[in-house]
Each structure stands twice: as C-alpha cells, then as structure tokens.
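To start, the structure under review is shown below, and the notes come after it.
What follows draws every value from the coordinates through simple rules; no lab data is involved. Note that the structure is predicted; figures quoted are calculated from it, not measured. Reconstructed Cβ throughout: ideal geometry from the backbone, glycine too, with neighbour counts over all protein chains shown.
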Amino acid sequence: MIQRLSFALGLALLALLGAAAVAEATPRMSLTAGTPCIACHVNPTGGGGRTEVGWGAMSRVGAVTWSDLGLDSLHEAESNGWMDGRIAVGLDFRLQAARLGNPTLDEARGPDDPVVPDYTVFPMQLQPYLVLQPLDGLSLYGTFAAGPETFRGKLCDEVFPGMSCFEAFALYEPKGALPTVRLGVFQPAIGVRHDDHTLFVRGDARDRRRPIIAPNYAEPGAEVLLQPLTWLRAEVGAYAPQGLDKTLNGAVSTADLWPVAYNARLTFLPYLRIPVEVPAEDDGFGDDGFGDEPTTEDYVINTWIGASAYGSGDFLLLNGFLGVGIHEGVALVAEVSHSQRTLDYDTLNAWVGLTYTPWAWLTGALRAERAQTQTEVDKEITWSYVAGLEFFPVPGVEIRPEYRLVQTESYLFGQATAQLHLFY
Amino acid sequence: MTQESAGMNRRAFLQLLGCGGCALALPGVAGCTIAELYESGGGELAFSVAEPRFSALGAVDGVATADVAGRPLILIRTGEDTIVALNRLCTHVQCDMGPTQSGRWDGEKLICTCHDSHFDAAGKVLKGPATRDLAAYPVTFDPGTGEGRVVVGSTPEPEPEDPTPEEFRDLVNPYADDDADALARGQEIWSAQCATCHGAQGESVAGFPEPVPTAFQSGTSGYSDGYLLWRLRTGAATGPENSIMPAYSAQDLSDDDAWKVITYLRSLGP
C-alpha cells in the first residue's frame, strides 16, 4: 500500500511539476494533478522557475532515481532554496536535434527532388531562474533566456520577432480572499500558455517563423488574479504591447495598436470525484483484522474550460480552451484561437492533444493541429501531426523523441526530432 | 542495500531498458524523412502595376508578392525599367520574406528579419546564416504600360518556328489592304475558285468534311504575306492532314492574281 501511495504521490507530484519552462506539458500536468500551475511554478500561468514543491517532485522522478544509483545525498535533497526558501534558483537547458526549415525547390533539380535541410543539433534553451521572497506572500521572479547570439556578444537574442529574452515580475499573494497581483514584465494569461514554438495555435500559417504570440512572449504590465471559488479563476491585466508591435508591425504595419493592451481570461475548473472501492492487499498476515477491509478512493476527473481575450487597437486575439484529465495520467486538451487585425488578415488555429502517462517517468503524446491564415488575396492552411514520448531516465533529465508531419499548401514534410532537456 | 531497494533497482533497470530504449529508438524507427512538394511545375504570372496588389511596383524599390505554381515570389522594382522576381522563402529556415512577414528590401538588398540573412537583387547570399542563394526567375517588364510577366519552373513552350520557306519568307504583298482594284479582282477569283470550300466570306461551307476549311477566317492578320502565298502555291502539302486544298502554281494563278486574292482574303479576317 505504501508503495502504491508512493507511486500515486510520485505521479501526482510529477503532474504538479507544470511545464518544464517551454513545453506543452503544462496542460497535461495541471489536468492530471488537478492543481493550478502556481502550485509548482512561481509563475501563475506556468512554466519557468519552480517552487519548492515543484522542485521536490522533479528531483525524484526518473526511470532510475538517484537512490537507485546510490546517490542518496541527491535523492534526499529537500529544496532548491536557501535561507528558508527566501532565495531559490532553477534552470532549463534544452538541446534539440531537428531538420530546421522545410523542403524547398531547387529549380535545377526539379520538384521531384526537393532540398531537405540537414539535421542540426543546437541549444534551444538556456534559461536560469532566480526567485526571491523578501516577505511572506511576496515573490520577486527573474529569468533570462539566452539564445545562440547571446554567446556571440548579442545579449538579448530575439530568435522570434516579439519574443522577450527576460521575464521579471513581483507577485503578491495576500492571505485570505484578496486577489493576487502581478507587476513587471511577463506573459499575459492568453489561452493555454505554450512556449513551444512548433505549436501553431498562436502562429501564422503563412509564416510559421513569425508567430503572433512568440515563445517567451512578455510585456510590461500589471495583472490581477482572482479565484473566488475553487472552480473559478479570472485574470485581468493591462500591458504595454511592445513585443506585439514588433510581431504585427515589423516591416509593414498590419495593425493599429493602442499604447495599452488589455487582457482577460476566465477559467472554470470543475472536477468530478467518483468514490471507487479498492480491495485490500494481502499483507501476509492473513485475516487478522488489520488492513483486510476494502477501502474507498476517489476517482477524480479534472476539467477546465475557459476563454481569453487579448487585444489592443484593432488587434484582437480570442482563445477558447478545454481540458480533461484523470489521475491515471490521461489528459486531453483542445484549444481554438482566432485573431484579427487592421488589414484583411485573420487567423483561425486549433489543436488537440492527448497524453498518457503510464509511469511518472514516461508519457506518450499525440497532437494534431490546424492553422489557417486568411488574407485579402490568399488563404493558407497548414496541418501538423506529432507523436512523441517524454522520457525521464533519471531525475532532472528528459529525453523527448518525436515524429512530426507538417502539411502546407506547398509541401509535405515528415521528420524525426529529438530533444535533451536538463532541468533543475 | 535492502531487499526492497534491490528489487526496485531491477525493475527500474528493466523499465529503463524497455521503455527508455523505445524512446531513444523512436527517431530511428520512424526516422524516415518525408519530403514532397506540391504544384511545382512551371507557370507564369502576368501582372500590372494598375492592379492594387501590384501597385507598389509602380515606384522604384516597391515590393509585391505572388504565388506562382507553388513558388512564393517576391517582386522587387529595382530600377525604372527593371523588376526582379525571387523566391521569397529564406534559404536558412524558410522565413517568409514578404513585406508583411519577415522581409525588408532596403534598396540594395533583401533582408530576412528572422535571422538577418541578406540577399542581393539576383538572389545571391550576401550575409548568412543562409548559405544557399534564392531562386531567381526571369521577368519581362514594360515601364511604359506598367505590365510585366514572370515565368517560373520549366521554360515555356518556345514560339513555333516560322515554317515559311526562305524563298517565300520575305515576300511582301505589293497591294495595299484597301486597294479597290486588287480587292475586286481578288473577290472575283475567290468566288470562282476558293468560295466552294471556304465560303464567300471565308466562313467555310456547311457540312464540309474535316478538316473544316476555316483557317483563313481567323487570325489571317497573324500570317505573313509570304506564308499565305506559300500556302496558296503548295496547297495540301503544307496544310493539315487530310487537307484537299489544291496547289495553285504560277500557271494556274499568276503572282499578281495571287496577291490580289491574298488582299481580299485579309479583308475577310476579323
């Protein structure tokens, strides 16, 4: 029983981990655990630096644990913080192997022999986190995302237009029913947070290198988070849309933005608890009256359904999302995103993802996406299908092999990719 | 080490071996790369700066985009008389260098704002990270009319070679199109010898078996004088298969009368 409880606890704790900074894991983990992202991440919308709970869970999840390897000192480490948790640190590092780009036509070779990009291994993310808690309820959070150009002298490497190489905010979580307040440079609560740039849902089917909401997108602003009931959460915020302006108005202006952007997200989080009788395990002492009776456990189905609106001037991005998860590790997430702007330029994107986590250290994931961009003269539709694994061989290490198939109006491209993710 | 932890180790090892192996092997198992291009045959685009979508090309350094036969093109007016057409997908990681996307033409080079690759007006890489040149496509442009044409992919069908033999090729009808005497004589001959098959107005005779002899009614203005005289002199030998057009030698029809028939024939054309 203890073993089962430990296993269940490990599973739940893993689920509590939240996204490892820039992955699509947030929905899965939040749904299967039934807890908000802030349980394991300092950032209320998930991703990035981990809380002590999140770090603790992470440090024990692996097909082989530190204890299995005889490294009990690592296994028994209790926190990523010092001074009673007043200072905490974290890190995400990702190494990616993929064919960057798409098949292209070489006019000399002809359409039957397209040029396929070579496999490239490149550092995709190097992101340290620092969290200070000078007062109870007050967190100061800072993170910096280094890019390839950072190491060539350009400190802030904006790989995607509109992305931010840092986040820095103060988060005040008063006791009682008062709202949580966030002030600084951070990503507004838009739909389901993703920093995986391969997801189309916040992108542009015409140019997938130029997403509407870039990975690591962040703006200077203020946000109020309210959760008056366990099943109802709302965020309202105002921002200076500097990054958005870069995305939409790079070479040519495509949207008239106000000096301020507004954002609101409303999420319902109903859950269903079904009592299930669990037969007693044989404890080896026969029918001795101790632990011989069946017990009742709750079978929990977590759900969330919500919508967000993010806009400025005549730009508006609407997101609707739905998630269902159970403790056994199955999670289903769907999201629809629609944007419009000044020019006759609309996007309508959607994705649906299914994950199954049979063991805390292994998750299988399937994902299908559709992105559509409609302009005055053109309509472009792109489809994507991804199948992959999230495998944690030892705590702090994730290996993520994937096969992805992308179909656009111009090409069909399927490739295997692999990612090594080290995190603390 | 306790018995329990030893058991966990074995299990963990087997789990690692099994599932971890599967995870690591996935790229290998499913590692085949699929790459297929659509709509990559040849094609062409006729454009005019009078069209709103190409209006930016009305001025030097103006830029417009168009997709032709699967190629995403960027058209750049590099000078008063010149427009160039390049594939607008950056060869680095295929950022779209359209002006509303990730591209900027600064008057000398096309800049991909994704990773700052630069290309010249001929598509050659000036600055990486891109290493391959952009494909460039031939453009014809008439600054007087503001109209132009881009050809992509396979070379368009060549203009049909003029079949007119050399001895006929440069011959010119001595009679003007409105020469009344020539028209009258030509009509006289036409009515007597040609109208039986071609009809009084060149409209062909109803019920005439294939090939219907209407060739002269349309497009006569596209034929040279020498070509028409050659067809008249050689008849079916130069016509389509199964043609029963007789050949009119100089003995049957003098050069002078032949030119008058041709003068009349041209008056029938659309």
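All alpha carbon pair distances within segment A:172-225 were sorted into 5 Å bins beginning at 0; the resulting P(r) in whole percents reads 4, 18, 22, 17, 14, 10, 7, 4, 2, 0. Each residue in A:Val64, A:Val131 was given a count of other beta-carbon atoms within 10 angstrom of its own, and listing them fewest first yields A:Val64, A:Val131. Left without a cysteine partner by the 4.7 Å Cβ rule in chain A: A:Cys37, A:Cys40. Estimated translational diffusion coefficient (Stokes-Einstein, Kirkwood radius over Cα pairs, 37 °C, 0.692 mPa s) of segment B:36-95: 265 µm² per second.
A straight Cα-to-Cα reach below 24 Å connects A:Lys246 with the lysines A:Lys154, A:Lys379, B:Lys109, B:Lys127, residues fewer than 8 places away in its own chain not being considered. Spatially, segment A:49-87 and segment A:408-424 are offset by 30 Å when compared through their Cα centroids. Among A:Phe315, A:Thr408, A:Leu422, which residue has its Cα positioned farthest towards the positive end of the charge dipole of the protein assembly as shown, with +1 placed on the Cβ of Lys and Arg, -1 on the Cβ of Asp and Glu, and the dipole taken about the Cα centre? About the Cα centre, the residue reaching furthest to the positive side is A:Leu422. Note on chain A: GNM, Cα springs under 10 Å; of A:Glu281, A:Glu297, A:Glu235, the largest mean-square fluctuation is that of A:Glu281. When you filter the chymotrypsin sites (Phe, Trp or Tyr not before Pro) in segment A:44-104 for DSSP loop state and at most 16 other Cβ atoms inside 10 Å of their Cβ, nothing is left. For segment B:43-152, the normalised intensity computed at q = 0.23 Å⁻¹ comes to -1.25 (log10 of I(q)/I(0), Debye sum over alpha carbons, equal scatterers, no solvent).
GNM on chain A, alpha-carbon springs under 10 angstrom: the most fluctuating residue among A:Val386, A:Val116, A:Val260 is A:Val116. Separation of segment B:236-269 and segment B:93-124, taken as the distance between their Cα centroids, equals 59 angstrom.
Every Cα-Cα pair in chain A was counted, and those over 33 Å apart are 35% of them. Ordered by the number of other Cβ atoms lying within 10 Å of each residue's own Cβ, fewest first, B:Ser204, B:Ser254, A:Ser308 fall into the sequence B:Ser254, B:Ser204, A:Ser308.
Ranked by Cβ crowding within 10 angstrom, fewest neighbours first, how are A:Met83, A:Met58 ordered? Final ranking by Cβ density, sparse to dense: A:Met83, A:Met58.
For segment A:2-423, a simple Cβ point-charge model (Lys and Arg +1, Asp and Glu -1, everything else neutral) yields a dipole of about 1160 debye relative to the Cα centre.
What's the angle, to the nearest 10 degrees (0 to 90), between helix A:2-16's Cα axis and the longest principal axis of chain A? Roughly 20 degrees, rounded to the nearest 10.
If R0 is taken as 30 Å, the Cβ-Cβ distance between A:Asp112 and A:Trp383 corresponds to a FRET efficiency of 0.85. Taking a straight line from the alpha carbon of B:Lys124, these aspartates and glutamates sit under 17 Å away, with near neighbours fewer than eight places off in the same chain left out: A:Asp106, A:Glu107, B:Asp96, B:Asp106, B:Glu108, B:Asp116, B:Asp133.
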